[in-house]
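The values are calculated or read from the model by the stated rules, or taken from the named source; none is laboratory data. Please read all numbers here as calculations on a predicted model, not as lab measurements. Every residue, glycine as well, gets a Cβ built from its backbone with ideal geometry; the counts of neighbours run over all protein chains shown. Surface accessibility is based on the protein's heavy atoms, side chains included, excluding ligands, DNA and RNA. Shrake-Rupley method; radii C 1.70, N 1.55, O 1.52, S 1.80 Å.
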Amino acid sequence: MGSQVLVPFRGCEDDPRHLKLMGDLGQIVPMKFNPRDDNTIKATMAKANVVINLIGREYETRNYSFEDVNHFMAERIAGIAKEHGGIMRFIQISCLGASSSSPSRVFSTKAAAEEAVLRELPWATIMRPAAMIGTEDRLLNKWAQFVKKFNFFPLFGDGSTRIQPVYVVDVAAAVTAALKDDGTSMGKIYELGGPDIFTVHELAELMYDTIREYPHYVKVPFPVAKAVAMPREILLKKVPFPLPRPGLFNLDEINAYTSDTIVSDNALTFQDLGIVPHKLKGYPTEYLIWYRKGGPKFGSTVSERINPEAWP
């Protein structure tokens with residue numbers, strides 16, 4: 001769009017370095033901030049007229065709980081945007097399935113954040129993307145890494161939970177469309193799910209087909225999966241050192257898989273923003289070819305077999 005993009009970040013200055021190459025000289029501006037320091041948030045927002053809040057976390061750490069990251073930070077950022085006075089658009093990135101009654105704490109804290117943002121800024125736009133698929137995603141990448149390491153895939157329950165994953169480029173297009181419209185998206189909630197609904201088993205089949213591995217599944221009942229994931233949650237704030245990321249056995253994700261996460265019947269969707277979302281088979285999952293044991297061109301799938309008549 002030609003806009004200057006201010007990118008707040010924590011940690012090492014090398015972390016956002018690759019983003020600077022995605023725009024003209026001086027167009028992408030990383031700005032170090034502390035989400036618990038209002039002054040750094042105000043400095044980041046000082047010359048902005050649009051705020052897109054993407055802060056979120058799918059697991060807890062010793063220093064940051066779900067409530068801290070998903071709820072209170074969103075509430076504070078919305079409050080500072082309100083004080084700013086010059087913010088024309090505020091877009092809160094929530095997640096599909098956000099509900100105060102959800103067994104998943106990610107979903108319940110995201111729902112609380114939506115309420116807090118709309119209380120501060122009734123004209124804010126809420127986007128609820130489903131689990132996102134893309135080069136650096138935390139879904140199929142995580143699944144493929146687990147499969148390559150342990151040679152099986154755990155199906156929580158029986159793998160029949162329905163999800164509606166979406167290509168990350170479509171979510172970015174939805175945000176851009178909301179910014180460019182004449183204000184029709186302000187104060188509304190959009191549920192952004194892909195064009196196809198998969199069971200977890202079906203999506204795992206797509207992953208196996210793309211990495212060209214023979215599928216091996218182990219059905220893990222929900223109580224057993226929760227028992228495996230529980231020790232990390234118990235020890236999280238009792239040990240004097242940080243614990244590793246939970247990986248596939250993340251208690252909150254397991255809780256989320258106990259119910260379907262799909263777009264509601266009467267929700268505003270991509271179509272209301274004039275966008276047709278991509279199907280996941282093909283280019284959106286192309287990045288998984290790097291998990292093939294013999295390299296990107298190893299093996300073949302039914303869709304990629306060459307017609308014998310094409311051979312010389």
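Are any of the residues in segment 65-77 among the hydroxyl-bearing types (Ser, Thr, Tyr), surrounded by 12 or more Cβ atoms within 10 Å (Cβ to Cβ) and either touching a residue at least 60 places away in the same chain (Cβ under 8 Å) or closer than 23 Å to MET88 by Cα (or both)? Looking for residues that are among the hydroxyl-bearing types (Ser, Thr, Tyr), surrounded by 12 or more Cβ atoms within 10 Å (Cβ to Cβ) and either touching a residue at least 60 places away in the same chain (Cβ under 8 Å) or closer than 23 Å to MET88 by Cα (or both), one finds none in segment 65-77, hence no. Among the numbered conditions (1) touching a residue at least 40 places away in the same chain (Cβ under 8 Å); (2) under 20 Å from ASP260 (Cβ atoms); (3) open to solvent by less than 80 Å² (accessible area, probe 1.4 Å), the only one that MET132 does not meet is (1).
Across segment 142-168, the number of residues qualifying as open to solvent by 20 Å² or more (accessible area, probe 1.4 Å), part of a helix (DSSP H, G or I) and over 20 Å from GLN92 (Cβ atoms) comes to 6. Residues in segment 16-34 that are open to solvent by less than 70 Å² (accessible area, probe 1.4 Å) and in contact with a strand residue (DSSP E or B) (Cβ under 8 Å, 6 or more places away or on another chain): PRO16, LEU19, GLY23, GLN27, ILE28, VAL29, PRO30, MET31, PHE33. Taking the criterion of being in a loop (DSSP other than H, G, I, E, B) and either at pLDDT below 95 or open to solvent by 70 Å² or more (accessible area, probe 1.4 Å) (or both), the residues of segment 177-219 that qualify are ASP181, ASP182, GLY183, THR184, LYS188, ILE197, ARG212, GLU213, TYR214, PRO215, HIS216. Here ILE80 clears all of (1) part of a helix (DSSP H, G or I); (2) open to solvent by 20 Å² or more (accessible area, probe 1.4 Å); (3) over 19 Å from ILE262 (Cβ atoms) except the condition numbered (2).
Residue count for segment 280-297 satisfying the condition of being farther than 12 Å from GLN145 by Cα, among the hydroxyl-bearing types (Ser, Thr, Tyr) and surrounded by 17 or more Cβ atoms within 10 Å (Cβ to Cβ): 2. I'd like to check something: does segment 44-51 contain any residue that is open to solvent by 40 Å² or more (accessible area, probe 1.4 Å), at pLDDT 95 or above and in a strand (DSSP E or B)? Looking for residues that are open to solvent by 40 Å² or more (accessible area, probe 1.4 Å), at pLDDT 95 or above and in a strand (DSSP E or B), one finds at least one in segment 44-51, hence yes.
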